[in-house]
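Written below as structure tokens is the structure these notes are about.
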Amino acid sequence: MSRRKLARMAIGATAVLVAAALAVPALAAAPRNATLKTVGAVKMTPNRGITDSMHFKRDLTTIQTGGKLTLVDRTRAPHTFSLVRAGQVPKNLRGVDACFGKGPCDDIAVAHGAINPDTGEEQEPTTPLVNSGKAGFNKPGDSVLIPPGGRTSVKVTAGAGSTLSAICAIHPWMQTKVKVVRRAG
């Protein structure tokens with residue numbers, strides 16, 4: 001066998017071993033439970049505008065299926081953690097506007113009781129947790145209110161391999177994803 005062929009085989013075997021070594025710790029490192037915070041603030045400068053920097057602290061949270069996701073509000077404003085289809089996540093101001101009216105933001109607000117479906121009037125939410133299917137957070141339409149300055153937790157029951165898209169239905173520029181991995185052990 002030529003040296004070149006042996007070198008290629010050695011490089012290929014090394015690449016496979018390195019990929020396997022990197023994959024195992026990634027699975028083992030996925031937490032059973034995770035915490036996601038809302039951070040930022042709204043600032044107003046007279047005659048200049050309003051700047052809203054509120055956002056979820058991480059763009060992606062990884063958690064094991066069946067794990068508990070704790071949501072902590074550090075902004076002192078009300079928020080939701082609402083699962084939506086990936087195509088419903090606003091990508092620009094037009095998308096933010098479309099979220100309200102006939103989009104998922106108003107659907108979520110109605111489900112929480114924050115909008116009267118008969119009159120369209122806003123009101124105090126009456127339902128802190130909305131589950132659109134089976135118990136747990138696993139599909140679009142599932143939503144939970146995060147109290148201002150408070151915390152709440154949900155059980156993530158989506159199947160391993162799922163990536164859940166989430167927004168705040170009050171502030172839809174607040175967006176994140178949850179990657180669900182298999183339960184360890």
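Of all residues being in contact with a Ser or Thr (Cβ under 9 Å, 6 or more places away or on another chain) and surrounded by fewer than 22 Cβ atoms within 10 Å (Cβ to Cβ) in the stretch 76-86, which is modelled with the lowest pLDDT? Just the residue, please.
Ranking the candidates gives ALA77 first.
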Pairs needed: first member in the stretch 116-143, more than 20 Å from VAL84 (Cβ to Cβ); second member anywhere, crowded, with 17+ Cβ neighbours inside 10 Å; C-beta distance under 6 Å; at least 6 residues apart or different chains.
GLU122/ILE115
Examine the stretch 37-44 for a residue that is in a loop (DSSP other than H, G, I, E, B), at pLDDT 95 or above, charged (D, E, K, R) and under 30 Å from GLY150 (Cα atoms), and state whether such a residue exists.
no
The lone condition THR119 fails out of (1) polar (S, T, N, Q); (2) surrounded by 14 or more Cβ atoms within 10 Å (Cβ to Cβ); (3) not in a strand (DSSP E or B) is (2)
So which residues in the stretch 87-106 are surrounded by fewer than 22 Cβ atoms within 10 Å (Cβ to Cβ) and not hydrophobic (A, V, I, L, M, F, W, C), if there are any at all?
GLY87, GLN88, PRO90, LYS91, ASN92, ARG94, GLY95, ASP97, GLY101, LYS102, GLY103, ASP106
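The values are calculated or read from the model by the stated rules, or taken from the named source; none is laboratory data. Here the structure is a predicted model, which is why all the values come from computation and not from measurement. Glycine gets a Cβ as well: all are built from the backbone with ideal geometry, and neighbour counts include every protein chain shown.
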